[in-house]
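These notes concern the structure reproduced below.
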Amino acid sequence: MALSLREHDHFGADALSAATVGNALIDRVYAKLTPVYDIIFGPTLQPGRVRAIARMDLKPGDRVLEVGAGTGINALLYPRDCQVTAIDLSSTMLEKARERIAHHRLRNIRLLEADAAHLTFADDSFDCVYAPYTISVVPDPVQVAIEMKRVCRPGGRLVILNHFRSDHPVMSHIERAISPLTVHVGFKADLAMPAFLAQAGLRPLSVEKVNFPRIWSLISCIKD
């Protein structure tokens with residue numbers, strides 16, 4: 001399903017979420033989640049990860065930036081002939097990711113501790129920039145998407161895998177109500193996709209539902 005920004009211009013000023021979250025809270029939450037992250041968010045969300053890698057259509061030598069490395073759960077999905085830079089704000093998560101990468105002797109992946117809203121990479125540094133289950137976690141999702149777009153080369157691919165607020169009125173109401181609570185387990189439940197896309201200046205080639213239940217969206221864009 002392709003979406004057009006023009007179709008959603010009226011959402012541009014919408015509040016993206018009723019919940020607020022800061023980097024310090026994120027760090028505390030994920031420090032606690034690290035030991036059980038792969039159990040809770042591993043198999044249930046893996047189909048989306050597999051589909052996202054396929055959507056990247058990676059070629060030998062491609063440079064990939066993964067925004068939100070977590071425990072390195074995506075590491076084994078990448079082709080060994082592409083170069084992956086994976087960042088995360090949580091040092092606890094990155095420690096787990098380093099263990100995984102060392103165990104599997106993955107030499108094409110480097111890990112960096114970094115704030116996704118303030119990337120230090122030069123413009124047009126990567127062929128593909130990917131945010132797996134990250135956008136609803138960060139304090140400023142629009143700023144993160146803008147930074148992702150900046151460091152992606154023209155013609156490169158931007159891939160976002162995330163939960164967004166439902167279009168269904170009842171579900172949308174519930175997600176708005178619980179979002180101030182869900183931030184304490186690691187994500188905002190009521191992030192509005194149309195407002196996010198409009199404010200970030202993203203024009204998706206496709207938006208598809210993944211995982212089960214199909215409440216997760218896989219967004220693919222090409223940078224102009």
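All C-alpha to C-alpha distances of segment 32-136, sorted into 5 Å bins beginning at zero, yield P(r) values of 2, 12, 24, 26, 23, 10, 2, 0 percent in whole numbers.
What the Cα atoms of the chain give is an Rg and a Dmax of 16.4, 49 Å. Its alpha carbons give segment 118-179 an Rg and a Dmax of 14.4, 43 Å. Only protein atoms count toward the accessible area here, which uses a 1.4 Å probe; on segment 78-224, the carbon and sulfur part of that area reaches 56 percent. Quick one: plug the Kirkwood hydrodynamic radius of segment 31-73 (C-alpha pairs) into Stokes-Einstein at 25 °C, 0.890 mPa s, and report D in µm²/s. It comes out at roughly 204 µm²/s. Averaged per residue, segment 25-73 has 46 square angstrom of accessible surface, using a 1.4 angstrom probe with ligands and nucleic acids left out. Lysine pair count for the chain (Cα-Cα distance under 25 Å; residues 8 or more apart in sequence or on different chains): 11.
3J(HN,Hα) along segment 121-133: 6, 6, 4, 6, 7, 10, 7, 8, 10, 10, 10, x, 6 Hz, from the Karplus curve 6.51 cos²θ - 1.76 cosθ + 1.60 with θ = phi - 60°, whole Hz, x for Gly and Pro. Mind listing P(r) for segment 84-212? All alpha-carbon pairs, 5 Å bins, whole percents. Binned Cα distances yield the sequence 2, 9, 17, 21, 19, 16, 10, 5, 1, 0. As a size descriptor, the averaged projected area of the C-alpha convex hull of segment 172-224 was calculated at 4.5 nm². Mean separation of Cα pairs under 8 Å and 6 or more residues apart, divided by the residue count, gives the chain a relative contact order of 28 percent. Measuring between their Cα centroids, segment 46-97 and segment 144-212 lie 19 Å from each other.
The share of Cα pairs per 5 Å bin across segment 102-150, counted from zero up to the longest distance, runs 4, 17, 26, 23, 15, 9, 5 percent.
The values are calculated or read from the model by the stated rules, or taken from the named source; none is laboratory data. Since this is a predicted model, take the numbers as computed values, not measurements. The area values use the complete protein model at the heavy-atom level, side chains included, leaving out ligands, DNA and RNA. Shrake-Rupley method; radii C 1.70, N 1.55, O 1.52, S 1.80 Å.
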